[in-house]
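A quick write-up on the structure given underneath.
The values are calculated or read from the model by the stated rules, or taken from the named source; none is laboratory data. Source: prediction; values computed, not measured. Cβ: placed from backbone, ideal geometry, glycine included. Neighbour counts: every protein chain shown.
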Amino acid sequence: MIPFKIDLTEKVVAVTGGGGILCGIFAEALAKCGAKVAILDFKEEAATKVADKINAEGGTAIGVAANVLEL
């Protein structure tokens, strides 16, 4: 439960490491505030799993395989 709600409608957010537990929960919270969320993770399967959960709950998200440590 979010004690207060920030309106992020029409905002797009990228969450690195979003396939993990902590950042996955952070991505879900952002989606509940109305943001469209791109979940970036080394493992596309993990990113997609979080994105699927967000989409199933009425949010908008995509899972993307990405290594943000490489140029």
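Filtering 43, 11, 36 for residues that are in contact with a Ser or Thr (Cβ under 7 Å, 6 or more places away or on another chain), modelled with pLDDT of 95 or more and of a type in the set (Lys, Arg) leaves a single hit, 36. Selection of the stretch 8-25 for residues being surrounded by fewer than 16 Cβ atoms within 10 Å (Cβ to Cβ) and under 12 Å from residue 54 (Cα atoms) yields only 25. Scanning the stretch 43-71 for residues that are assigned to a loop (DSSP other than H, G, I, E, B) and surrounded by fewer than 16 Cβ atoms within 10 Å (Cβ to Cβ) yields 43, 57, 58, 67, 68, 69, 70, 71. Scanning the stretch 20-42 for residues that are within 21 Å of residue 9 (Cβ to Cβ) and in a strand (DSSP E or B) gives 36, 37, 38, 39.
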